[in-house]
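Structure provided below as structure tokens; questions to follow.
The values are calculated or read from the model by the stated rules, or taken from the named source; none is laboratory data. All of these numbers come straight from a predicted model, not from anything done at the bench. Glycine also receives a Cβ, built like all others from the backbone with ideal geometry; neighbour counts cover every protein chain displayed. Protein only, heavy atoms only, side chains kept; ligands, DNA and RNA dropped before computing areas. Shrake-Rupley method; radii C 1.70, N 1.55, O 1.52, S 1.80 Å.
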Amino acid sequence: MNIDYTARRDRIAPALGLTDEILVVGAGHPLPKPEISDAMLPFIAHQEYYYLTGIADAPGGIIAFDPRTGWTSFVPEVTEMERVWEGRTQLPGELLGTFPVWLAARAGRPVVNLGAPVAGVTADEVRAAAVREAYKHARRPKEPGELVLMRECAVATAAGYAAVQPFLRPGITERRIQIELEAEYFRHGAQKTGYDSIVGTGPNAAIFHGSPSQRVAQEGEFILIDSGAELDRYVIDVTRTYVAGEPTAFQRDLYQVVLEAQMRTIERCRPGAEWKDLHFRTAVEMVGGLVTMGVMKGNPESLVEQEAHMLFFPHGLGHMLGLGVRDASGLEPGRTKDPRPCLQSLRMDLILRPGYIVTVEPGLYFIPALLNDPARREKYRDCVNWKLATKHLGLGGVRIEDNIVVTAGAPENLTAAIPKTL
């Protein structure tokens with residue numbers, strides 16, 4: 001990985017607002033599998049530790065910072081058994097056994113613990129929360145080396161989506177699509193998938209976190225794929241929606257409403273833009289499309305003010321992306337969470353800045369759990385053409401998602417190579 005971690009730590013330290021506090025960031029420890037065996041779940045170092053060290057496999061590792069003396073990395077001592085059975089080699093840094101001495105030499109000073117909890121440390125939780133927010137904000141803009149990795153991930157992801165095109169037909173199972181998609185990621189350098197791939201056909205296309213099943217796609221059904229490759233912990237998160245066979249006029253119209261709103265929103269991802277404003281503007285535009293289609297009734301702005309859009313667009317516009325899905329999402333410094341129910345699932349309330357990577361993923365769905373709810377039907381009885389909405393309850397939904405780099409000028413679409421056509 002082409003990232004200078006020493007320079008990164010030197011950049012991050014002043015942003016944390018530490019005065020005389022000691023900072024310790026824990027990598028965490030492996031977890032045993034939930035059965036009677038000596039096997040462990042795959043170890044994943046805590047994101048806050050990994051960002052500062054680039055060390056993925058250091059169970060128990062600690063990166064510590066003293067404003068007076070700088071950074072010190074403490075790493076586990078490799079045992080003979082680990083050398084024999086796992087082929088481990090000793091990582092550079094101070095051995096973990098010396099950490100208690102290092103800490104004792106700083107007795108009486110407050111300690112902030114980020115990452116995983118560190119044994120023997122009594123931390124100031126209130127101060128830690130503030131430092132964590134400062135840390136998160138400082139690492140939101142992506143460095144050039146991070147962008148290189150993200151572009152490589154995008155290439156592998158595009159290869160996967162290209163590979164599944166011949167299989168997007170009636171008779172294919174969700175599981176088969178997943179297999180072909182992910183295999184191509186690995187052929188193009190991916191180490192993992194960035195998260196569990198989502199593949200939904202027909203009504204399953206409206207299940208946001210649906211796992212691929214053996215369900216067979218029928219003629220004319222939507223096929224929604226939400227997946228992405230991972231490389232060195234950096235991930236791509238992209239969604240495309242297709243149709244098995246020939247789409248109906250209603251499906252084409254619904255798809256076009258989402259696509260046009262998504263493309264306009266991407267163009268608005270520029271420095272200074274308020275993410276919450278982009279979310280609401282996208283909602284208004286999609287509701288306008290539903291009004292034109294005869295699904296909703298009324299003025300689009302008024303319908304969104306009434307939160308009626310949540311019947312068909314119940315999630316947020318998107319989130320930040322990078323070192324994991326939703327990396328460094330959250331609130332602009334000094335802000336508190338907007339309590340409105342329609343923003344419950346909005347992952348971020350930020351001002352966009354150069355170097356931010358965000359997902360733009362509007363969607364429209366026909367979800368039985370929402371549209372069959374008597375309370376919602378009563379509340380929005382005059383806002384929806386309920387006969388038409390009920391007719392399409394098994395339709396599933398459309399989501400289109402790209403990964404956008406905010407620059408000083410026009411936004412860069414990392415996933416533009418993946419076509420967005422039915």
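Evaluate the following for TYR242: is it part of a helix (DSSP H, G or I), open to solvent by less than 20 Å² (accessible area, probe 1.4 Å), out of contact with any Gly (no Cβ under 9 Å at 6 or more places or on another chain) and at negative phi?
no
Being farther than 24 Å from GLU285 by Cα and touching a residue at least 60 places away in the same chain (Cβ under 8 Å) is the filter here; which residues of segment 309-330 pass it?
Listed by number, the residues that qualify are LEU321, GLY322, LEU323, GLY324, VAL325, ASP327, ALA328, GLY330.
Identify all residues within segment 157-197 that are in contact with an Asp or Glu (Cβ under 9 Å, 6 or more places away or on another chain), small (Gly, Ala, Ser) and not in a loop (DSSP other than H, G, I, E, B); write none if there are none.
Answer for segment 157-197, where residues must be in contact with an Asp or Glu (Cβ under 9 Å, 6 or more places away or on another chain), small (Gly, Ala, Ser) and not in a loop (DSSP other than H, G, I, E, B): ALA159, GLY160, ALA162, ALA163.
Given the criterion out of contact with any helix residue (DSSP H, G or I) (no Cβ under 8 Å at 6 or more places or on another chain), of a type in the set (D, E, K, R) and open to solvent by 50 Å² or more (accessible area, probe 1.4 Å), identify the matching residue among GLU260, GLU267, GLU301.
GLU267
So, one more: Of everything in segment 122-170 that's out of contact with any Leu (no Cβ under 7 Å at 6 or more places or on another chain) and among the β-branched types (Val, Ile, Thr), which residue is farthest from LEU323 (Cα to Cα)?
Among those residues, the one meeting the criterion is THR122.
Taking GLY409 and the conditions (1) of a type outside the set (S, T, N, Q); (2) assigned to a loop (DSSP other than H, G, I, E, B); (3) open to solvent by 40 Å² or more (accessible area, probe 1.4 Å), which numbered condition does it fall short on, given that it satisfies the others?
For GLY409, the failing item is (3).
Which one of these is open to solvent by less than 10 Å² (accessible area, probe 1.4 Å), of a type outside the set (Ser, Thr, Tyr) and on the phi > 0 side of the Ramachandran plot: GLY202, GLY171?
GLY202
Mind checking which residues of segment 17-64 are more than 23 Å from ALA104 (Cβ to Cβ), of a type in the set (A, V, I, L, M, F, W, C) and part of a loop (DSSP other than H, G, I, E, B)?
Matches in segment 17-64: LEU31, ILE36, ALA39, LEU41, PHE43, ILE44, ALA45, ILE55, ALA56.
Answer yes or no as to whether ARG151 is surrounded by 21 or more Cβ atoms within 10 Å (Cβ to Cβ), modelled with pLDDT of 95 or more, within 17 Å of the chain's Cα centre (by Cα) and farther than 25 Å from VAL398 by Cβ.
In short, no.
Considering every residue within segment 208-229, establish whether at least one is within 18 Å of MET150 (Cα to Cα), surrounded by fewer than 20 Cβ atoms within 10 Å (Cβ to Cβ) and out of contact with any His (no Cβ under 6 Å at 6 or more places or on another chain).
no
Further, regarding this structure: Quick check on my filter: what residues within segment 106-138 are in a helix (DSSP H, G or I) and touching a Pro at 6+ places or on another chain (Cβ under 6 Å)?
Correct list: HIS137 only.
If you don't mind, another one. Go through segment 198-230 and give me each residue that's at pLDDT 95 or above, part of a loop (DSSP other than H, G, I, E, B) and touching a strand residue (DSSP E or B) at 6+ places or on another chain (Cβ under 6 Å).
Across segment 198-230, the qualifying residues are ILE207, PRO212, GLN214, ARG215, ALA217, GLU221, GLY228.
Still on this structure: Pairs please, first residue from segment 114-133 and within 27 Å of ARG335 (Cα to Cα), second anywhere and acidic (Asp, Glu) and surrounded by 15 or more Cβ atoms within 10 Å (Cβ to Cβ), Cβ atoms under 6 Å, 6+ apart in sequence or on different chains.
From residues that are within 27 Å of ARG335 (Cα to Cα), the pairs are LEU114/GLU48; GLY115/GLU48.
To continue, here is another question. Step by step: first the residues of segment 348-368, then only those that are in contact with a helix residue (DSSP H, G or I) (Cβ under 9 Å, 6 or more places away or on another chain) and outside any strand (DSSP E or B), then the one that is farthest from VAL238 (Cα to Cα). Which residue is that?
By that ranking, first place goes to PRO368.
Turning to a different aspect of this structure: Taking segment 304-315 only, how many residues are closer than 22 Å to ASN403 by Cβ and either outside any loop (DSSP other than H, G, I, E, B) or open to solvent by less than 10 Å² (accessible area, probe 1.4 Å) (or both)?
Final tally of qualifying residues: 1.
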